[in-house]
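Structure first, commentary second.
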Amino acid sequence: MKVIYNDGRVDVCPPEEELHVLRHSAAHILAQAVKRLYPEAIFAYGPANEKGFYYDVDLGETKLVEEDLGKIEQEMKKIVKENLPIKPFVLPRNEAIALMESRGEKYKVEHIGDLPEDAVISFFQQGDYIDMCVGPHICYTKALKAFKIIDQSGAYWKNDKNNKMLTRIKGTAFFSQTELDEHLKALEEAEKRDHNKLGRELGYFTTVEEIGQGLPILLPKGSRVIQLLQRWVEDIEQEHNYLLTKTPLMAKRDLYKISGHWDHYRDGMFVMGDADNEEKECLALRPMTCPFQYQVYLNQARSYRDLPMRLGETSTLFRNEDSGEMHGLIRVRQFTISEGHLVLRPDQLEAEFEDCLNLCKYFLGTVGLLEDCSFRFSQWDPNNTKKYEGTAEQWETAQATMEKILNNLGVKYEIGIDEAAFYGPKLDIQYKNVFGKEDTIVTIQIDMLLAEKFGMYYIDSDGQKKLPYIIHRTSLGCYERTLAYLIEKYAGALPTWMSPEQVRILTITDRALDYAKKIESELAKAKYRVTLDDSQNTLKYKIRNAQMEKVPYMIILGDKDIENNTISVRHRSGEDLGAITLDEFKTLLADVVGNKLKK
């Protein structure tokens, strides 16, 4: 594919860059279409990304609806059909500012101000539309053959909540209509699995405007699943000799000043009181539990014999996420996490790190998420040292230590620069939702800095005071996020062992009601989650309801079952297990639930 660069050169684009160039060009055509339809529109950023492209636009008081997106797409098709040549030109800084000012593009003017003094400021023009861009681009608009406007959302200018909320118009583009159709079909399937839609329909969670964004209400189904996961994690961690703690949800700023969170994380915290008035008490909800759990260690003098000390807590945390970043249960402002901190001697670090990693793999593997995870070795950015505690030497030591451990354990990872915690490097286990958005699901962090800040010494075998290392880790991560991923992974049909309702009993006639209640009682005594549908609805309607609600097993009872003292069992997949005894069904459930099978 031939493209045009900002110096006017036309050349063949490297194959690995072709789709990016096509989509970036589509963003410009989108902007031109928007400008034609909304002459007062002011443009911010319009990049391509792995899913397609978008443009952030200031539309004033105008609010787009779905019908408007269709009109924008149609206008883009007109521009493509016009086959406008795309021409680059370069301007000196002052002329570039003057050009953007003359066109009312205040965000572009501000962007120029953010660029280095010696930056080359280039523009691309198609028809009457001019956009500041480094390029390259397709040579003519007609080269854009297959595209679709997908949706819109809000986005702050420069991703700063103190700035104006803009309209982000999102689309995608491909080289052929066939590729686009396949993508749209996959997107349709993703929307069916989207936990934010499916989780609400199935009754796992809801949100209430009066409570606020990012503060979901877990309904009985969602609450039950998270309770099951929490109990399971706590029991397994106890087997691994974790000591259970329960610490406050808030603390004075003094604690966060010691840990460094006040300096490095304050914008992400919910602060109560005047944060800048040192004369008045100020509290903040905790964004993490580490400085609280350290107090357990500091409660008495410690010896090398006390280490490793593994502290675990089911922690409720609070983070002041930007409204544009929040999504269902995946990114919220209050969440619960399987949090732990291991205080240990340096010689114990590798073995304890390995145990933490194996524990994560066990939990994620059992629930069925591990196979879709990737690993990221998150490091500091030496060019952004204000974001981090410690010296370059300390960071080099910590990262070299972690690198050695990861390599020894055979972990295949990517490196993420400037993704570390402010106090140390970490291994992030990454997971993508159905739309391809990646978030961290579990993290294991090495910390060689905070123990000294809190005076967390121990007496070593030589009688000397020494500082321990600390591992910050989660085992199943954030329960709300995990639930979201599970709903998407299984399209709402959670494995039987974690399903909020495992068995539903359906009666064909009222004559089977007493027998049904007996079966219900027996299964409940055996600790299975069972309900009885004794409504007056038809059997067909009852079966349809159970299937739509993703109940794993249905027991259908009629006269013949009463006569033979059997139960007729059907799985939600459609498999008919036929007439079996209750004891046989209990044996089946014991295997499926006890072994945590994915069915």
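Inspect region 379-392 for any residue being touching a Gly at 6+ places or on another chain (Cβ under 6 Å), part of a loop (DSSP other than H, G, I, E, B) and buried (at least 18 other Cβ atoms within 10 Å of the Cβ) and give the result as yes or no.
Looking through region 379-392, at least one residue is touching a Gly at 6+ places or on another chain (Cβ under 6 Å), part of a loop (DSSP other than H, G, I, E, B) and buried (at least 18 other Cβ atoms within 10 Å of the Cβ).
Of the conditions (1) free of Cβ contacts under 8 Å to residues at least 40 places away in the same chain; (2) in contact with a Pro (Cβ under 8 Å, 6 or more places away or on another chain); (3) farther than 13 Å from R504 by Cβ, H571 fails just one. Which one is it?
Every listed condition holds for H571 apart from (3).
Can you list the strands (runs of 3 or more DSSP E) lying wholly within region 123-214 that have 2 or more residues being farther than 23 Å from E67 by Cα, over 30 Å from the mean Cα position of the chain (by Cα) and in the same structural domain as N49 (by TED's automatic domain parsing)?
129-132
Starting from residues that are of a type in the set (S, T, N, Q) and closer than 27 Å to G222 by Cβ, keep the ones in region 325-378 and report whichever is surrounded by the fewest Cβ atoms within 10 Å (Cβ to Cβ).
That would be S374.
Y541 - would you say it is under 22 Å from P220 (Cβ atoms) and not assigned by TED's automatic domain parsing to the domain that holds L364?
Considered against the rule, which asks whether it is under 22 Å from P220 (Cβ atoms) and not assigned by TED's automatic domain parsing to the domain that holds L364, Y541 comes out as no.
Which is in the same structural domain as H472 (by TED's automatic domain parsing) and within 19 Å of K453 (Cβ to Cβ), of K221, K257, K280, K246?
The conditions single out K257.
Which residues, counting only those in region 113-138, are β-branched (V, I, T), under 17 Å from Y45 (Cβ atoms) and surrounded by fewer than 19 Cβ atoms within 10 Å (Cβ to Cβ)?
If the condition is that a residue be β-branched (V, I, T), under 17 Å from Y45 (Cβ atoms) and surrounded by fewer than 19 Cβ atoms within 10 Å (Cβ to Cβ), then V134 is the only one that fits.
Yes or no, residue by residue, for (1) within 17 Å of A44 (Cα to Cα); (2) crowded, with 19+ Cβ neighbours inside 10 Å; (3) not basic (K, R):
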site: I72; (1), (2), (3): no, yes, yes
site: N83; (1), (2), (3): no, no, yes
site: V90; (1), (2), (3): no, no, yes
site: R93; (1), (2), (3): no, no, no
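Filter region 262-303 for residues that are touching a Pro at 6+ places or on another chain (Cβ under 9 Å) and within 14 Å of V343 (Cα to Cα); which is surrounded by the most Cβ atoms within 10 Å (Cβ to Cβ)?
F292
Filter region 407-426 down to the residues that are touching a Phe, Trp or Tyr at 6+ places or on another chain (Cβ under 6 Å) and closer than 18 Å to N358 by Cβ and list them by number.
Once the filter is applied, which keeps residues that are touching a Phe, Trp or Tyr at 6+ places or on another chain (Cβ under 6 Å) and closer than 18 Å to N358 by Cβ, region 407-426 yields V411, Y413.
Could you list, in sequence order, all residues of region 6-19 that are part of a loop (DSSP other than H, G, I, E, B) and not polar (S, T, N, Q)?
Result: D7, G8, R9, C13, P14.
Looking only at region 562-570, decide whether some residue is closer than 27 Å to G199 by Cβ, surrounded by 15 or more Cβ atoms within 10 Å (Cβ to Cβ), at pLDDT 95 or above and touching a strand residue (DSSP E or B) at 6+ places or on another chain (Cβ under 6 Å).
Yes, that holds for at least one residue.
From (1) surrounded by 14 or more Cβ atoms within 10 Å (Cβ to Cβ); (2) under 26 Å from E237 (Cα atoms), pick out the condition that doesn't hold for K527.
(1)
Hey, can you tell me all the residues within region 540-555 that are touching a residue at least 12 places away in the same chain (Cβ under 8 Å) and either in contact with a helix residue (DSSP H, G or I) (Cβ under 7 Å, 6 or more places away or on another chain) or farther than 19 Å from D514 by Cβ (or both)?
I543, N545, A546, Q547, E549, K550, V551, P552, Y553, M554, I555
Does at least one position in region 237-249 carry a residue that is crowded, with 20+ Cβ neighbours inside 10 Å and touching a strand residue (DSSP E or B) at 6+ places or on another chain (Cβ under 8 Å)?
The answer is yes, given that some residue of region 237-249 is crowded, with 20+ Cβ neighbours inside 10 Å and touching a strand residue (DSSP E or B) at 6+ places or on another chain (Cβ under 8 Å).
Yes/no matrix, rows are residues, columns are (1) assigned to a loop (DSSP other than H, G, I, E, B); (2) of a type in the set (S, T, N, Q); (3) in contact with a strand residue (DSSP E or B) (Cβ under 7 Å, 6 or more places away or on another chain); (4) closer than 22 Å to I470 by Cα:
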| residue | (1), (2), (3), (4) |
| --- | --- |
| R310 | no, no, yes, yes |
| E350 | no, no, no, yes |
| D355 | no, no, no, yes |
| T366 | no, yes, no, no |
| I405 | no, no, no, yes |
| V411 | yes, no, yes, yes |
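Filter region 442-458 for residues that are of a type in the set (A, V, I, L, M, F, W, C) and in contact with a Gly (Cβ under 8 Å, 6 or more places away or on another chain); which is surrounded by the fewest Cβ atoms within 10 Å (Cβ to Cβ)?
Step by step, filter region 442-458, then rank; the result is M448.
Can you find, within region 13-70, the residue that is surrounded by the most Cβ atoms within 10 Å (Cβ to Cβ) among those that are aromatic (F, W, Y) and farther than 21 Å from L184 by Cα?
F43
Within region 419-441, track down each residue that is of a type in the set (G, A, S) and buried (at least 18 other Cβ atoms within 10 Å of the Cβ).
A420, A421, G424
For region 77-103, name all the residues that are among the aliphatic types (A, V, I, L, M) and either assigned to a helix (DSSP H, G or I) or touching a helix residue (DSSP H, G or I) at 6+ places or on another chain (Cβ under 8 Å) (or both).
Within region 77-103, I79, V80, L84, I86, L91, A96, I97, A98, L99, M100 qualify.
Could you look through region 502-513, keep only residues that are touching a helix residue (DSSP H, G or I) at 6+ places or on another chain (Cβ under 9 Å) and charged (D, E, K, R), and pick out the one that is surrounded by the most Cβ atoms within 10 Å (Cβ to Cβ)?
Here the residue is R504.
When you check H341 against the structure, is it within 29 Å of M269 (Cβ to Cβ), at pLDDT below 95 and in contact with a helix residue (DSSP H, G or I) (Cβ under 7 Å, 6 or more places away or on another chain), yes or no?
The answer is no for H341.
Could you run through region 327-347 and say how many residues are part of a strand (DSSP E or B) and among the β-branched types (V, I, T)?
Going through region 327-347 one residue at a time, the tally reaches 3.
Return the only residue of D235, D276 being without any contact (Cβ under 8 Å) to a residue 12 or more places away in the chain and closer than 30 Å to P552 by Cα.
Exactly one residue qualifies, and that residue is D235.
When you go through D128, D56, D118 one by one, which is the residue that is farther than 28 Å from G154 by Cα and acidic (D, E)?
D118
How many of the residues making up region 20-76 are assigned to a strand (DSSP E or B) and out of contact with any strand residue (DSSP E or B) (no Cβ under 7 Å at 6 or more places or on another chain)?
Residues in region 20-76 being assigned to a strand (DSSP E or B) and out of contact with any strand residue (DSSP E or B) (no Cβ under 7 Å at 6 or more places or on another chain): 2 in total.
Please go through (1) closer than 18 Å to P39 by Cα; (2) touching a strand residue (DSSP E or B) at 6+ places or on another chain (Cβ under 6 Å); (3) not hydrophobic (A, V, I, L, M, F, W, C) for H137 and return the number of the only condition it doesn't satisfy.
(1)
The values are calculated or read from the model by the stated rules, or taken from the named source; none is laboratory data. A quick note: this is a predicted structure, and the numbers were derived from the prediction, not measured. As a convention, Cβ positions derive from the backbone with ideal geometry for all residues, glycine included, and neighbour counts pool all protein chains shown.
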